[in-house]
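This report concerns only the one structure given below.
The values are calculated or read from the model by the stated rules, or taken from the named source; none is laboratory data. Just so it is clear, the model here is predicted, and its values are computed rather than measured. Here Cβ is always computed from backbone atoms with ideal geometry, including for glycine, and neighbour counts include all displayed protein chains.
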Amino acid sequence: MQVGIVTRSFPEMTNEQAAEFMARTGFTVTELCLSQTDSKYWAYNGMSDLGDLSEARVSEIADIYRRHGINVHALGVFTNLIEEDDARRAEILAYFERHMQYARAAGIPIVSTECGFDPASRGVRADVYEARFNRLLDSLRYLCDKAEQYDLTVALEPCVIDIVPSAKRMADTISQVGSPRLKVLLDPANLIANSSERDMFTYLGPHVAYFHGKDRKVNDAKGRNIGEGEIDWPLFFSLLHKTHEDVPFIIEYPRADNCAEILRRVREYDRQAVALAGGNP
């Protein structure tokens with residue numbers, strides 16, 4: 001199993017420092033978020049100013065990680081695809097497309113995002129759900145057309161507190177968008193309140209671009225480090241091994257001072273998963 005960590009776990013480091021630290025700690029893959037001290041462009045659920053960021057510079061950054069043996073599996077955008085203001089949503093989609101251009105230039109096959117949300121009213125609300133979901137579909141269809149142009153994959157991360165709150169709803173979303181360019185970024189912590197570990201693979205198994213790794217308690221909106229919530233990790237990893245052995249598992253939430261411990265937990269849960277499968281992952 002390929003185990004990695006997101007670059008945004010190390011905002012205090014340069015890209016060179018982050019790559020060296022990841023490799024030394026034992027990680028082999030990453031989701032690049034342009035979040036380091038020498039590439040401060042990360043803007044969760046929004047947009048940053050990309051005016052001075054060139055395709056050549058993103059390629060240089062990606063190559064830093066590769067030189068340390070770190071595969072750059074995805075470029076993280078994580079912007080707001082359900083923005084209500086049409087003019088601003090057009091800007092957001094152009095912002096996302098710019099990241100596609102960076103990814104193509106840097107040889108990164110996947111560009112990732114969540115659905116996005118209104119900070120003042122995050123969650124599934126009956127009075128606005130249909131309108132927000134339809135905006136999401138419109139945004140995804142547009143981005144999948146662009147992904148076809150750039151020969152990339154769009155990975156969407158569903159979450160229980162967002163407009164796509166379950167594994168089944170994510171499968172429905174993929175079906176309604178109707179593009180092979182749309183895949184799922186599967187984070188079990190984001191779905192455990194509405195979907196069992198088995199449901200996640202039943203509904204989303206054919207569509208997984210990669211995995212995020214964090215934990216959560218079922219009735220708590222707060223994400224946690226792996227091993228501090230209610231995910232059945234030996235079961236989850238046993239299911240992963242059956243059909244997704246070569247798909248990266250990329251950890252979120254740890255920082256430099258505890259990521260080695262979280263990696264140790266992952267390896268231990270993975271050992272238990274192999275035992276659960278009778279020694280045959």
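Numbers for the structure displayed
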item	result
Subset tally (residues that are crowded, with 16+ Cβ neighbours inside 10 Å and under 11 Å from Ile108 (Cα atoms)) for the stretch 60-70	1
Some residue of the stretch 114-122 being under 19 Å from His207 (Cα atoms), of a type outside the set (S, T, N, Q) and in a helix (DSSP H, G or I)	no
Residues of the stretch 18-47 classified as of a type outside the set (A, V, I, L, M, F, W, C), without any contact (Cβ under 8 Å) to a residue 60 or more places away in the chain and touching a strand residue (DSSP E or B) at 6+ places or on another chain (Cβ under 8 Å), total	2
Qualifying residue in the stretch 80-92 (condition: in contact with a strand residue (DSSP E or B) (Cβ under 8 Å, 6 or more places away or on another chain), surrounded by 15 or more Cβ atoms within 10 Å (Cβ to Cβ) and not in a strand (DSSP E or B))	yes
Test result for Gly223, small (Gly, Ala, Ser), more than 20 Å from Asn80 (Cα to Cα) and either touching a helix residue (DSSP H, G or I) at 6+ places or on another chain (Cβ under 8 Å) or without any contact (Cβ under 8 Å) to a residue 40 or more places away in the chain (or both)	no
Pick from the stretch 107-127, criterion surrounded by fewer than 21 Cβ atoms within 10 Å (Cβ to Cβ) and at pLDDT 95 or above, ranking: nearest to Ile161 (Cα to Cα)	Pro109
Flag if Ser139 is more than 26 Å from Phe249 (Cα to Cα) and touching a residue at least 40 places away in the same chain (Cβ under 8 Å)	yes
Helices (runs of 4 or more DSSP H) wholly inside the stretch 128-247 that include at least 2 residues being in contact with a Leu (Cβ under 8 Å, 6 or more places away or on another chain), surrounded by fewer than 18 Cβ atoms within 10 Å (Cβ to Cβ) and at positive phi	none
Counted residues, the stretch 109-129 - those being more than 11 Å from Leu156 (Cβ to Cβ), touching a residue at least 12 places away in the same chain (Cβ under 8 Å) and among the acidic types (Asp, Glu)	1
